[in-house]
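What follows is a short report on a single structure.
We did not get these values from a lab; they are worked out from the coordinates using the rules stated. Fair warning: this is a prediction, and the values are worked out from it, not measured in the lab. Backbone-built Cβ (ideal geometry, glycine too); neighbour counts: all protein chains shown.
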Amino acid sequence: MITTKQAKTILPTMRAAVAALHEVWAKCREVERTLGHDMDGLEGVVQDIAAAVDDADQMDVAYVRDAINAQADELVSETDACPKCRERNIDKLIWQKNGVHVKCTTCGKRYTPPSK
């Protein structure tokens, strides 16, 4: 447990960290606009890249392309997203045994994707 004094000491650092995260999220939206594709997990890709690369200058085009494509491959098209919560992660959209319906494990909605 931290004290009020400790909280006051770290408050400026926490504010700076939150501000930096908002900048990252804004930059992620720029990437999405450039790609013309909504990528729900883009922040995770950025975190993974940051954890793996000590110096941003070490990143190259192939590394960025492969990291983003790996995440994009896990998404269904926007038209096949859950109509209730817009979930697109393929691991959270489970085809039912009847082969016609999909169940969204995020919100529980059962639906037939338009591309079926």
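For the chain, what does the helix formula give at 222 nm: sum of -39500 (n - 2.57) over DSSP H segments with n ≥ 4, over the residue count, nearest 500 deg cm²/dmol?
Computed mean residue ellipticity for the chain: -16000 deg cm²/dmol.
Would you work out the relative contact order for the chain, in percent, from Cα pairs under 8 angstrom that are 6 or more residues apart? Walk me through the numbers on the way to the answer.
Values: 83 pairs, mean separation 15.9, N = 116.
Relative contact order for the chain comes out at 14 percent.
Per the chain: cysteines with no other Cys C-beta under 4.7 angstrom?
C28
Once you order the gyration tensor axes a ≥ b ≥ c over the Cα atoms, which shape class does the chain get: rounded for a/c under 1.5, otherwise prolate or oblate by comparing a/b with b/c? Provide the component values of the computation, followed by the final result.
Values: a/c = 2.87, a/b = 1.63, b/c = 1.77.
It is oblate, given that a/c is not under 1.5 and a/b is not larger than b/c.
If you build a Gaussian network model of the chain, linking Cα atoms that sit under 10 Å apart, which residue out of A62, A81, A50 swings the most?
Of A62, A81, A50, the Gaussian network model singles out A62 as fluctuating most.
Compute the distance in nm between two label points, each set 7 Å from the Cα along the Cα-to-Cβ direction, one at V64 and one at A17.
With each label point 7 Å from Cα toward Cβ, the separation is 2.7 nm.
Taking a virtual spin label 7 Å from the Cα of C107 along the C-beta vector, which residues in the range 23-58 bring their backbone nitrogen under 14 Å of it?
none
Please list 3J(HN,Hα) in residue order for the range 59-71, calculated via the Karplus relation 6.51 cos²θ - 1.76 cosθ + 1.60 where θ = phi - 60°; whole Hz, with x for glycine and proline.
Once rounded to whole Hz, the list reads 6, 10, 4, 4, 4, 5, 4, 5, 5, 6, 5, 4, 6.
Which shape class, rounded, prolate or oblate, goes with the range 77-116 when its Cα gyration tensor gives a ≥ b ≥ c as root eigenvalues, a/c under 1.5 marks rounded, and past that a/b bigger than b/c marks prolate? Mind showing how you got there, number by number?
On the way: a/c = 1.58, a/b = 1.17, b/c = 1.35.
The shape class here is oblate.
Spin-label point model (7 Å from Cα, Cβ direction): what's the K5 to N98 distance in nm?
Each label point is offset 7 Å from its Cα along the Cβ direction, giving 6.6 nm.
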